[in-house]
Amino acid sequence: MDLRLSPDDIIFRDEIRAFVETSLPADIRRRGQHDYHSHKDDVTRWMRILYSNGWSAVHWPVEFGGTNWSPLRKYIFQDELRRARAPVLDRCALDLLGPVLFKYGSRAQQERFLPRILRGEEWWCQGFSEPNSGSDLASIKTRAELSGDTFRVNGHKIWTTEAHYADWMFALVKTESDKKPQASISFLLLDMKSPGVTVRPIWSIEEGLTLNEVFLEDVSVPAENLVGTAGEGWRYAKDLLTHERTSSAVISHTKRDIEQIRRIASRQPQESACVIDDPLFARKLSRLECETIALEWAVLRSLSADQDDSSSDAVASVLKLKGAELSERAALLAAEALGDYGIAVMNDPEGHSTRYPSSLAPPITDDEEIGVSARALFRRATTIYGGTSEIQKTLIARSILEL
Amino acid sequence: MDLRLSPDDIIFRDEIRAFVETSLPADIRRRGQHDYHSHKDDVTRWMRILYSNGWSAVHWPVEFGGTNWSPLRKYIFQDELRRARAPVLDRCALDLLGPVLFKYGSRAQQERFLPRILRGEEWWCQGFSEPNSGSDLASIKTRAELSGDTFRVNGHKIWTTEAHYADWMFALVKTESDKKPQASISFLLLDMKSPGVTVRPIWSIEEGLTLNEVFLEDVSVPAENLVGTAGEGWRYAKDLLTHERTSSAVISHTKRDIEQIRRIASRQPQESACVIDDPLFARKLSRLECETIALEWAVLRSLSADQDDSSSDAVASVLKLKGAELSERAALLAAEALGDYGIAVMNDPEGHSTRYPSSLAPPITDDEEIGVSARALFRRATTIYGGTSEIQKTLIARSILEL
Amino acid sequence: MDFSLSAEQQLLQDTVTQYCKKQYDFESRMARVASDKVADRTQWKAFADLGWLGAGLPEELGGYGGSVIDNSIICEQFGHALVLEPFISSAVLSCQILASLPVSQQTMLLLEKSIAGDTILATAHSEPAARGNLQHTETRATPHKGEWRLNGKKSLVVGLSIADHVIVSANTDEGAALFLVDAEAIQSQIKPYRTIDNALAGDLCLENTPSSVKLSGPEHTMRALANGFADALICLCSEAVGAMDTALFLTRDYLKLRQQFGSSLNNFQSLQHRMAEMLVELELSRSIVYHGIASSGMSDPLRSRAISAMKALVSSAALFVGANAVQLHGAIGMTEEYSIGHYYKRLRVISHLYGNEDTHLKILSTTQGSFWDEGVHQH
Amino acid sequence: MDFSLSAEQQLLQDTVTQYCKKQYDFESRMARVASDKVADRTQWKAFADLGWLGAGLPEELGGYGGSVIDNSIICEQFGHALVLEPFISSAVLSCQILASLPVSQQTMLLLEKSIAGDTILATAHSEPAARGNLQHTETRATPHKGEWRLNGKKSLVVGLSIADHVIVSANTDEGAALFLVDAEAIQSQIKPYRTIDNALAGDLCLENTPSSVKLSGPEHTMRALANGFADALICLCSEAVGAMDTALFLTRDYLKLRQQFGSSLNNFQSLQHRMAEMLVELELSRSIVYHGIASSGMSDPLRSRAISAMKALVSSAALFVGANAVQLHGAIGMTEEYSIGHYYKRLRVISHLYGNEDTHLKILSTTQGSFWDEGVHQH
């Protein structure tokens, strides 16, 4: 047992930190402090900077442009990026599609798509959910009919994150009508610029935009964009959804949120002192800190555990469940620290679109306070997306506790 | 809407208070402060005092020796008794058996049993639960076979509160073997002094004794002790279990616990001040107080609602669920206020039996601090007995929310 | 004790319910938000015509002779419908402050215009460093040529950007005082913003702001503020009860409708139990609001303790019920176009406004007096 | 980073596990409790023979060269079995305090006898008014004819009634100091009692109690206490992890066995979810104990913050897991003859001992220093 970072890992960490310090452009860094949903341009610029250093997809295999870093180093890398609140990259492409293409994609598909993801040239969205499918993916209705070497796709996807940014969608579609649901689904790559694709924004309660509906009407998709074997799509999707073990703990975000809360609470006045001096507020922050430390060490344990351990899916559920809860609590506590402006509407001052015409905004000036109110609302979703907390508990009960 | 006590109710309250003040013997009052399980002798003495004032069963109908007080006055009466921590009476007889006998008992049964309950001469226990029946009463196994004018009863009851005090048991037994479970159960009155009755104590984790197992081996019970009709026992039992609407909120206990906690915390030192001055402790107490106020007003609403309102069972579940939670929290907070002695074993210094030979005890001198540690353990059961909190939630979801 | 509504109160409740059903359905509400029509006075005039703006004011002050019970009935229904207008800020808080002052021509005129819907009032009392503690005021007022000059910062003044007159609290050398300022004259000092529930609020940055009207001095100010905020908090908590009730039953209906894994969601026991917990929070909130109302007849510190106990409990219940209503809806609960998220947002605002759970628990902890010294409860 | 046990550590763990299975099954444990044999030294001598009493002490002090990791391994297994002997109080807390003092003949002798199981040590530091704050000491020591006289009250001294020597903290005119007293000589000042977990503890009422041995003065006392309590808290939390783990899986087995309403209890979703929540608490506790162990290499205030974060989290987890383990068992969980209630009681004691959740959250709130200043974590 040795619970310290090795000297080499410390050197590694310091290198990453120095790189981010010098390479992350000041305007992107400022918007990172705001902590709204990352702007597409910022992500693309940052992807290219990372790419020029060979780091745009560090968790990919070396042969596809990734690294052979240890799990701990990959974690340190992400942690340092979050420390600087660098933009969140295109996770659909990097975390979800990539691994599917490594494993099931044709060589032609790998060569066509992976390099452009690495270079930040093409943005992806995931077309899984449908209006009546919820967490139950086997019940999707979107159909793709093959005629000649072209699929004609008709259907309706919903909750499609970043569809308004995306160049491509990887979608689950029904191709085989006479089989049972799980064997009738295929995994298709679909160009979002195709005729028949309509993206409708779904505004979230914080008045921001990350989700969309995507209507697919007679969209033509070349047969070569079918990944793997027809009818195997559900299996690929399940594989993909369990790939990421530790990132759903969002621990690197929450750590920085806690330090941000401490700064805000040390600035905001309360009677003759500051908010941080209030024992009840301080208790909430300390309690959040305890749980976050514990979760980080659960992540570290998980990173150093056998990666093929069969219980890893269940551990991922523990990390997601607790990580989501802490993430929302941190956002709410930041809003509480901010006081009255924590419940005031403050749209992204550098963002493009706003839900309502009113341009009223509270007089906030500090960069890290600007996005606090919106974030507190947006994070109400953390315990919903990526498998609700209720589903995670059922998974834990079944897998770990064998109930 | 008039949310004040009427002047007449205030006079009533003051009369009850004055009565308790002068009539509750000093030694019983002292043991009440200890707040262990009431001693049988104390209960009997107190019952007789109440009886001499016509108040030993105030919620019974007048014709059986009760009162025609309003629900609010009955509540005030109980509240004043709890205020003085007077002994808890034989609830099995008063709250459970009484109403069954009014409704289903023969005149002979009423005349034989009710007056002795009123006078505190006979103590009852409830023989419902069995080792494998839990909350599912339809699955009981104890059999009563009629031969001539005598039932022969064989079986095994468990979790029998006060069986070691009881002169009589009202029991659910199987009499009809060929019917479905609910129609095979009868309601029998059984003399605990009968040959074949063996009571085995079940010590609770606080090292006190309230629960027992009762083994019934060829116990003879005269057929005249069958209540109502054979095979209807399950229906009578269900009726009885839903009779009490508001007392399960144990609000009158919790209110006094809060005041007791405040006194203890104002005595116990913490650094250069007292425990009550600790903002984190004070917050917990204030929070408990808020919820207790809310629950008391839920009880008051319920008392003044139409007594035949069909939703009253579900309201009883709300009151039981929350009342049990607050009751345990109050007991734990009292233990926390007491500090180190809150986790020290302190057996009832005036009690008869102790679980272990050791007579060690912490040097506590204040009467109201003596029983705090044991009570905190005993109250772990509040969310279990009388229908677990989980069962209450299911009832609420079904009845009020129609889920 | 009698918890039932009188015939008049029942009529009032029915009228508000009907009005909200017809005029304040979710679609028209969101259309008004989208077209920035929250600030127009169409609804406000209707409230006046229906007599609601004077419902809680005594007849001798031009009102309709009701009490905080009437205002609470109105606000509970407003909670069901998520009404956006600053009813509590103007018709309850500001009017009750005025009603608590010695009668003067000035207060009579303001109340008359407010009851008629001709003027909207706002009360600028809370300040950034007060954090919900109503006792904390830093704003100063100094005499200047027969007038007063006000300096300080007031925050989260509900309805400020559409108010005509603003009651401002400030300390003078003699002690606490209330001043009246004309909103039009101080537009440049108003920083308007929306709260997340789409209501309008603002900060008031007082820089040598003149006021010619001192409404009250040290002898009446704190009592008037205490009265005003007591009623405002009762009404705010009543509104929360209405909003929680609708959020809970919208969720119930959704669970019964929504299919997942071949079963409707209402069959999942863990969701049933969560719903039961939400119902308990709602019922406790409803119950403690009665205690709050009952405290209107008590003297401080018992009233202040009752009000704080109420707000502390309702603040946490609002967050629990609101957040779980969204949770049980899943993704659709997070969308602006669906109603449940708006209940969550309003409940978040209510939870924070005029002091959150912790603020009021601190008040409860630091003031003495037991509701139970007198047995069942205080009278 | 490497979380795996070394071969020696694995062997130690296996040995303790086997020992507890054979010698410390629930029935023999309860038989010892019932016959008042907790105070006999049969087990203690066995611990010594197995080398556990010196497992966490360096070789130069007569130990076996291990660290807090070894003690933590022992205590986690003790948690599974609910071991009653005062291992943490004597072999961890007291020995680590002695090991942190400058080496002297006195300390070497005490350690030697403790490692051999010939003496049981206790540390009397906590006082009623300290309420878990280790910085608070009121006990005074005054010089008297070449000796010292101690006055003050020490509370909840674990193992006091069976200890041979007691380390007592007290303030002198020069500052904090530690003294040694012979337990036999002060029997009349010991008020022994049981804690709810059936362990033995006591208060020490010092009234001009003589001590001829001053172990340390102001220069070493606070650091020695800090070291001793850091290790003791790590071991206590490890024990909690063991106890929670067993409580959780006993409950799991019970739910699968127990039938109700025609189904075994494990099929009820609300119970499944509660179990999942308990597992999360257990896993978080297990994780933060590693952080506690890792902090052994840090300097204060980082170590003290890590220790307090650990104890705060484990204190609340212990209550949650313990209480729910009883809850899910139902009535049988409340009985003295069934094991689960004893896990609850031990977890209640652990939660309280050496500072409860709030005590340690306060320490965390009032000391500065971020574990994350240095990125992933401190090294």
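The values are calculated or read from the model by the stated rules, or taken from the named source; none is laboratory data. For clarity, every value in this text was computed on a predicted model and none was experimentally measured. So basically every Cβ, Gly included, is an ideal-geometry build from the backbone, and we count neighbours across all protein chains shown.
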Open item on the list: For segment B:123-132, check the following and say yes or no: at least one residue is surrounded by fewer than 21 Cβ atoms within 10 Å (Cβ to Cβ), within 14 Å of chain D (Cβ to nearest Cβ), more than 21 Å from the chain's Cα centre (by Cα) and free of Cβ contacts under 8 Å to residues at least 12 places away in the same chain.
Closed with: yes
- [ ] Identify the residue in segment C:1-25 that is assigned to a loop (DSSP other than H, G, I, E, B) and either within 14 Å of chain B (Cβ to nearest Cβ) or more than 19 Å from the chain's Cα centre (by Cα) (or both) and, among all such residues, is nearest to C:Ile340 (Cα to Cα).
- [x] C:Asp25
TODO: Scan segment C:240-256 and give yes if some residue there is crowded, with 24+ Cβ neighbours inside 10 Å and in contact with a Phe, Trp or Tyr (Cβ under 6 Å, 6 or more places away or on another chain), otherwise no.
DONE: yes
TODO: Return the residue satisfying two criteria in turn: it lies in segment D:216-266 and is of a type outside the set (A, V, I, L, M, F, W, C) and within 14 Å of the chain's Cα centre (by Cα), and of such residues it is nearest to D:Gly56 (Cα to Cα).
DONE: D:Asp231
Task: Count of segment B:334-367 residues which are touching a Lys or Arg at 6+ places or on another chain (Cβ under 7 Å), within 7 Å of chain D (Cβ to nearest Cβ), over 13 Å from D:Gly202 (Cα atoms) and touching a residue at least 40 places away in the same chain (Cβ under 8 Å) - done: 1
- [ ] Being small (Gly, Ala, Ser), at pLDDT 95 or above and farther than 18 Å from C:Tyr344 by Cα is the filter here, so list the residues in segment A:359-388 that pass it.
- [x] A:Gly371
Task: Tally, over segment C:264-292, of residues that are out of contact with any Phe, Trp or Tyr (no Cβ under 9 Å at 6 or more places or on another chain) and in contact (Cβ under 8 Å) with a residue 40 or more places away in the chain - done: 6
Task: Condition check for C:Arg194: within 20 Å of the chain's Cα centre (by Cα) and among the basic types (Lys, Arg) - done: yes
Open item on the list: Conditions first: (1) out of contact with any Leu (no Cβ under 7 Å at 6 or more places or on another chain); (2) under 24 Å from C:Tyr193 (Cβ atoms); (3) among the charged types (D, E, K, R); (4) within 14 Å of another protein chain (Cβ to nearest Cβ). C:Arg41 passes all but one, so which condition is the exception?
Closed with: (4)
Open item on the list: Is it the case, given these coordinates, that A:Tyr356 is aromatic (Phe, Trp, Tyr) and modelled with pLDDT under 95?
Closed with: yes
Task: Single condition C:Ala39 does not satisfy, out of (1) under 19 Å from C:Val166 (Cβ atoms); (2) at pLDDT 95 or above - done: (2)
Task: Candidates B:Ser252, B:Ser317, B:Ser304, B:Ser327 - the one that is away from chain C (no Cβ under 11 Å) and among the polar types (S, T, N, Q) - done: B:Ser327
TODO: Quick one: which residue in C:Ser28, C:Ser35 is of a type in the set (Gly, Ala, Ser), more than 14 Å from every other protein chain (Cβ to nearest Cβ) and either surrounded by 13 or more Cβ atoms within 10 Å (Cβ to Cβ) or farther than 16 Å from C:Gly117 by Cβ (or both)?
DONE: C:Ser28
TODO: Can you tell me which residue within segment A:93-122, out of those that are over 30 Å from C:Gln327 (Cα atoms) and of a type in the set (D, E, K, R), is surrounded by the most Cβ atoms within 10 Å (Cβ to Cβ)?
DONE: A:Glu122
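When segment C:103-135 is examined, which residues are found to be within 13 Å of chain A (Cβ to nearest Cβ) and buried (at least 17 other Cβ atoms within 10 Å of the Cβ)?
C:Ala124, C:His125, C:Ser126, C:Glu127, C:Pro128, C:Ala129, C:Ala130, C:Arg131, C:Gly132, C:Asn133, C:Leu134
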Open item on the list: Checking the structure you have, find out if any residue of segment D:205-220 is modelled with pLDDT of 95 or more, crowded, with 24+ Cβ neighbours inside 10 Å and under 30 Å from D:Met334 (Cβ atoms).
Closed with: no
Task: Those residues of segment B:152-176 which are of a type in the set (D, E, K, R) and free of Cβ contacts under 8 Å to residues at least 60 places away in the same chain, in sequence order - done: B:Lys157, B:Asp167, B:Lys174, B:Glu176
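Does D:Leu257 satisfy the condition of being over 28 Å from B:Glu336 (Cα atoms), free of Cβ contacts under 8 Å to residues at least 12 places away in the same chain, more than 8 Å from chain A (Cβ to nearest Cβ) and among the hydrophobic types (A, V, I, L, M, F, W, C)? Step through it out loud before you land on a result.
Numbers: over 28 Å from B:Glu336 (Cα atoms): yes; free of Cβ contacts under 8 Å to residues at least 12 places away in the same chain: yes; more than 8 Å from chain A (Cβ to nearest Cβ): yes; among the hydrophobic types (A, V, I, L, M, F, W, C): yes.
Answer is yes for this residue.
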Open item on the list: Let me confirm something: among A:Thr44, A:Thr67, which residue is hydroxyl-bearing (Ser, Thr, Tyr), at pLDDT 95 or above and under 18 Å from the mean Cα position of the chain (by Cα)?
Closed with: A:Thr44
Open item on the list: Tell me yes or no: at least one residue of segment B:133-151 is in contact (Cβ under 8 Å) with a residue 60 or more places away in the chain, under 30 Å from B:Ile49 (Cα atoms) and more than 14 Å from chain D (Cβ to nearest Cβ).
Closed with: no
Open item on the list: Can you tell me which of (1) in contact with a strand residue (DSSP E or B) (Cβ under 9 Å, 6 or more places away or on another chain); (2) hydrophobic (A, V, I, L, M, F, W, C); (3) within 8 Å of another protein chain (Cβ to nearest Cβ) is the one C:Leu265 doesn't meet?
Closed with: (3)
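Looking at B:Ile49, is it over 27 Å from B:Pro99 (Cα atoms), of a type in the set (A, V, I, L, M), buried (at least 17 other Cβ atoms within 10 Å of the Cβ) and in contact (Cβ under 8 Å) with a residue 24 or more places away in the chain?
Judged against the criteria, B:Ile49 is not a match.
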- [ ] Could you tell me which residue of segment D:292-330 is nearest to the chain's Cα centre (by Cα), considering only residues that are facing chain A (nearest Cβ under 10 Å) and among the β-branched types (Val, Ile, Thr)?
- [x] D:Val314
